[in-house]
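Have a look at the structure below, then the notes.
No lab work stands behind these numbers, since they all come straight from the coordinates. If you're wondering where the values come from, they're calculated on a predicted model, not measured in any experiment. Glycine also receives a Cβ, built like all others from the backbone with ideal geometry; neighbour counts cover every protein chain displayed.
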Amino acid sequence: MERKFALIFAVGALLFGMLACGAPTSDVVEEAASPQAEAEVSEAEVILPTEAPAPTDIPEPTSTPEPTATPEPPPEPIFLSGTGDSILNIEKPDLPMLAMIKGNSCSRYFGISNLNENNESIALLVNTTDPYEGIVPLDFLDYQWTKRFEVQSNCEWEISVVPLSEGRTLTVPGAIQGTGDEVFLLDGETPDLIHVVGNRDGRYFGVTAYSDWSDLVVNTTDPYDGTSILSEDVAVIEVQAVGEWQIEISSK
């Protein structure tokens, strides 16, 4: 085999040399084109090593996706009812919730307070001599955790402790209107200004904004129509009112 490769090399060198010297090349060409030479060239071409294929890339292992966290289910509602003065123990999660309260159809004094584990009053949720139906916040601040209700009443009453999702939602920018005590949530864009109208009858009228703390935006016994600045992280608004009110919140 080595000799066949040498022959091919020699013929090529010879042809090159003759062309360079201007010598006639007919005899050499005939010799190169002879059947024996063609056979040798063909055989040499057949046995030339073929180029090895390039190795294929090994695919990178794909990463396993992280499991998504399962959202916590909302807390179960708590329903309470009774007549007259009562002390009621409740078991609720340490979470902000809403208390939907109805009672005092007899128009006597009606008061409800929530108490902590040391029987200390957290807030006076209801304080009226009128028939009452409203929604109030429960445990919105860090130090609050209701363990009991204290009810003062001369007639029937009902209390429903429900998740925040049971309340209405205002999409910012937007407006909402209502009657009496209520708590509603904010979503949408970042809040900026709050315009409040209400308290036409000159009773107590309060509007509180909640974020990591509480901000008393309106606190009056006069008819009210005014605008205030809201913190951009406000998430919930509480209204304390007798009668109708309107609130509009603009965005930045």
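Details
- Residue within the stretch 74-85 that is closer than 11 Å to Phe149 by Cα and not basic (Lys, Arg) present: yes
- Residue selection: Leu138 satisfies the criterion of being surrounded by 18 or more Cβ atoms within 10 Å (Cβ to Cβ) and either farther than 26 Å from Glu248 by Cβ or not basic (Lys, Arg) (or both).
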